Amino acid sequence: MKEFEYTIQDALGIHARPAGLLVKEAGKFQSDITLNVSGKSGDAKRIFSVMALAVQQGDSVKVIIEGSDEDAALTELKQFFQANL
Amino acid sequence: MTTIQGQGVCGGVAFGKLKLLRKSSGKIQRHHIEDAEKEWERFQNARETASRQLNDLYEKACNEVGEENAMIFDIHRMMLEDLDYLGSIRTYIQEQKINAESAVSMTAETFSEMFASMDNSYMQARAADVKDISDRIIAILSKNEVDGFTLNEPAIIGAEDLAPSETVQLDKSKILAFITEKGSAASHTSILARTMNIPAVIGAEGIMDDTFADTDIIVDGFTGHIYIDPDMQTVLEMQAKKQQTERQNELLAKLKGIKPVTKDGQKILLYANIGSLEDMPAVYANDAMGVGLFRSEFIFLESKTYPTEDEQFSIYKSALQKAMGKRVIIRTLDIGADKQVDYFSMPKEENPAMGVRAIRICLTRPAIFKTQLRALYRASIFGHLAIMFPMITSLSEVQQVKELCEEVKAELREEQIPFRENTELGIMIETPASAIISDKLAKEVDFFSIGTNDLTQYTLAIDRQNPDTTPFCDLHHLAILRLIHTVVENAHKAGIWTGICGELAGDLSLTELFLAMGVDELSVSPRLILPLKQKVLSCDVSEIKDNLLQKLK
């Protein structure tokens with residue numbers, strides 16, 4: 001299992017557009033990818049689940065990756081968060 | 001004439017016939033099914049069709065409004081593939097044995113409630129997206145394709161609410177404006193309207209009245225007003241507004257992003273004069289490169305008592321943040337003369353224009369002035385601030401002002417409150433005295449801004465509020481032009497820049513002369529910026545410069 005934490009910089013939080021991009025990005029991997037935010041958790045491959053977290057600017061998101069390609073997913077998702085959120 | 005007030009979300013004025021778009025409110029019949037697998041398959045087929053439609057819409061929208069805005073249809077497609085969404089529909093069909101239409105409708109209800117209950121207006125608006133995708137599937141299932149409706153002639157669309165997919169499907173060349181009864185400024189419909197630059201008003205309650213259908217109406221997307229069956233006077237007023245907007249838009253389209261540089265390569269800064277925070281959007285819309293005069297007195301005029309340091313700080317901070325790094329020149333308190341504030345309880349003066357006004361009030365009541373300076377310095381870290389002092393007549397006034405600034409800075413340092421140490425300080429040159437000693441003043445400050453209104457009044461001894469003096473008031477008086485020239489020359493000798501922020505700055509018949517003098521910045525009201533930019537672009541001064549300046553001799 002791999003994990004990292006990221007604090008959301010985007011003024012709108014994880015709004016519709018980045019949520020869509022994140023779901024696409026997460027969908028590239030076999031691993032299960034879970035987001036943990038202030039006590040709630042959601043599946044990064046499901047758009048409603050990601051949007052239901054209502055992640056806001058300044059929230060700290062813990063991304064937990066578990067599966068065969070977790071190393072690759074860790075690197076790519078870290079980059080994704082930095083570039084888009 | 002009937003007037004409806006909504007919320008304008010996209011500026012512009014439109015005239016046209018109102019077409020009411022009503023959705024076939026096909027009530028969904030809930031019924032029991034026998035073969036759940038077959039019903040699930042029927043749903044899956046509809047979902048695939050919907051997915052294909054969304055792909056087409058995505059491509060159409062990409063072409064029309066760009067990828068960024070088209071992304072919503074890609075997200076809709078993802079929603080249609082969301083496992084939680086599909087899982088819920090499947091459960092309804094297989095366990096409760098109900099028809100696919102009802103299963104989709106009930107699922108949509110649950111998911112849109114989840115968004116609607118969120119403590120975030122952006123996410124609340126997403127409930128509409130869930131309804132939109134669900135309606136699409138239901139329409140396909142009940143063979144009632146969403147084809148919006150066809151417009152034979154250009155019209156203004158009125159609707160209860162418009163889904164993004166409906167907005168995109170409408171024939172853009174025939175839509176003059178959008179009006180909706182519901183909707184929010186964060187909805188995709190509003191965003192799309194702004195991107196397509198079509199006037200749009202939301203929250204217009206009552207617009208769906210059948211008696212209004214096909215009547216002539218006027219939509220003002222700036223104010224949110226809708227005039228149904230307008231009277232002649234309104235028609236004339238709104239026509240003028242429409243023409244002005246169109247001229248402005250044509251200019252903007254041509255000039256936006258182009259730097260104001262003359263044909264022979266001389267650069268000049270074009271800034272905006274503003275009177276309150278509400279004017280900031282106009283600064284952008286007109287492509288100003290900064291704010292050349294932010295009149296801080298509105299904060300005092302709108303208040304019933306002295307505004308506190310924190311109140312002022314939050315206004316200055318907000319202005320600087322809204323300017324996103326562009327220079328904002330804030331002029332300190334300029335009251336007295338024609339701008340009176342009761343709570344200052346100034347003694348009555350025989351001749352207020354020459355009385356205790358502007359910097360004279362600030363220097364005689366340093367507590368009020370220092371409160372403003374503290375608020376300004378505290379805000380200085382939020383953008384590119386320049387502070388400007390009005391009505392200067394002597395060197396000692398400038399030195400006193402600078403001492404007060406140093407006192408304020410020392411206090412802030414002591415209190416460990418951050419501020420920008422090198423915040424630019426400038427003065428207005430609006431008295432003949434300051435123009436004549438501008439060589440000395442230039443050594444004390446970072447910039448000048450020439451206030452031609454007061455400079456004219458004081459130089460020509462003419463009260464500009466008295467219409468009887470008009471025959472004697474020559475706005476292009478040689479004395480004024482010489483003073484301006486002197487100020488610019490003295491500024492450049494001392495290595496500082498100078499601008500003009502009075503009405504003469506926007507006088508296009510003087511633009512060439514100002515360029516010949518080497519004026520560095522012109523600050524005008526936002527609506528004059530683009531015409532001024534056009535003028536600058538057409539100028540070629542190097543050849544005629546000497547001739548122009550010769551006229552001042």
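Please treat every number below as a calculation from the coordinates, not as lab data. The model shown is predicted, which means the values in this text are computed figures rather than measured ones. Reconstructed Cβ throughout: ideal geometry from the backbone, glycine too, with neighbour counts over all protein chains shown.
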If you fit an axis through the alpha-carbon atoms of helix A:16-26 and take the longest principal axis of the Cα set of chain A, what angle between them do you get, 0 to 90°, nearest 10? 10 degrees
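Averaged across the residues of B:65-76, what count of C-beta atoms belonging to other chains lies within 10 Å of each residue's C-beta? Mind dumping the intermediate values first?
Values: counts 0, 0, 0, 1, 1, 0, 5, 3, 0, 5, 9, 3.
Average neighbour count from other chains, rounded to a whole number: 2.
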Subtracting the Cα-Cα distance from 0.36 nm times the residue separation, let me have the gained length for B:R52 to B:T2 in nm, one decimal. 13.7 nm
For the range B:246-299 and the range A:9-85, compute the distance between their C-alpha centroids and round to whole Å. 41 Å
Say R0 is 30 Å: what FRET efficiency, to the nearest 0.05, do B:E444 and B:R527 get from their beta-carbon distance? 0.30
Note down the nm distance, to one decimal, between modelled labels 7 Å out along Cα→Cβ at B:N249 and at B:E415. 4.8 nm
Which distance in nm do the two modelled labels at B:E403 and B:E237 give, with both placed 7 Å along the Cα-to-Cβ direction? 5.4 nm
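When only Cα pairs under 8 Å and 6 or more residues apart are kept, what is the percent relative contact order across chain A?
45 percent
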Could you give the length gained on full extension between B:I28 and B:R482, defined as 0.36 nm per residue of separation minus the Cα-Cα distance, in nm? 155.4 nm
Check: C-alpha center the range B:1-70 vs C-alpha center the range B:380-431, spacing in Å is 56 Å
Note: A:11-22 gets an average of partner chain Cβ contacts (10 Å, Cβ to Cβ) equal to 4
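Restrict the search to the range B:272-328; then list the GluC sites (Glu not before Pro) that DSSP places in a loop and that have at most 13 other Cβ atoms within 10 Å of their Cβ. Let's see the in-between values first.
On the way: sites: B:E278, B:E297, B:E302, B:E309, B:E311; in loops: B:E302.
Here the sparse-neighbourhood loop sites are B:E302.
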Counting alpha carbon pairs within less than 8 Å and at least 6 residues apart, what relative contact order, in whole percent, applies to chain B? 14 percent
Quick check: from the Cα gyration tensor, does the range B:25-141 come out rounded (a/c under 1.5), prolate or oblate? oblate
Calculate the FRET efficiency for B:I258 and B:T364 from the Cβ-Cβ distance with a Förster distance of 45 Å, rounded to the nearest 0.05. 0.45
Based on the alpha-carbon gyration tensor of the protein assembly as shown and its eigenvalue square roots a ≥ b ≥ c, which shape applies: rounded if a/c is under 1.5, prolate if not and a/b is larger than b/c, or oblate? prolate
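Using a cut-off of 12 Å between beta-carbons, work out the net charge of the residues near B:L54 (Lys and Arg +1, Asp and Glu -1, B:L54 not included). Could the numbers behind the result be given before it?
On the way: positive: B:R47, B:R52, B:K60, B:R77, B:R136; negative: B:E48, B:D56, B:E59, B:D74, B:E81, B:D129, B:D132.
With Lys, Arg at +1 and Asp, Glu at -1, the net is -2.
List B:I392, B:I429 from most exposed to least, where exposure is judged by having the fewest other Cβ atoms within 10 Å. Display every interim value, and only then the final one.
Working: B:I392 25, B:I429 34.
Least crowded to most crowded, the residues run B:I392, B:I429.
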Relative contact order for the range B:242-293 using alpha-carbon pairs under 8 Å, separation at least 6, rounded to a whole percent? 34 percent
Dipole magnitude of chain B about its Cα centre (Cβ charges: Lys, Arg +1; Asp, Glu -1), debye to nearest 20: 1340 debye
How much FRET efficiency would the formula 1/(1 + (r/R0)^6) give for B:K182 and B:K348, where r is the Cβ-Cβ distance and R0 is 60 Å, rounded to 0.05? 0.65
Quick one: angle between helix A:70-84 and the longest Cα principal axis of chain A, in degrees between 0 and 90, rounded to 10, please. 20 degrees
With 10 angstrom as the radius, rank B:H32, B:H477, B:H384 by how many other C-beta atoms surround their C-beta, starting from the fewest. B:H32, B:H477, B:H384
Under the rule rounded for a/c under 1.5, else prolate if a/b exceeds b/c, else oblate, using alpha carbon gyration tensor axes a ≥ b ≥ c, the range B:433-525 is classed as prolate
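What number comes out for the charge environment of B:A386, summing +1 per Lys or Arg and -1 per Asp or Glu over other residues with Cβ under 9 Å away?
On the way: positive: B:R327; negative: B:E424, B:D446.
Residues near B:A386 contribute -1 overall.
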How many nm separate the modelled label positions at B:C473 and B:T308, each set 7 Å beyond the Cα in the direction of the Cβ? 4.1 nm
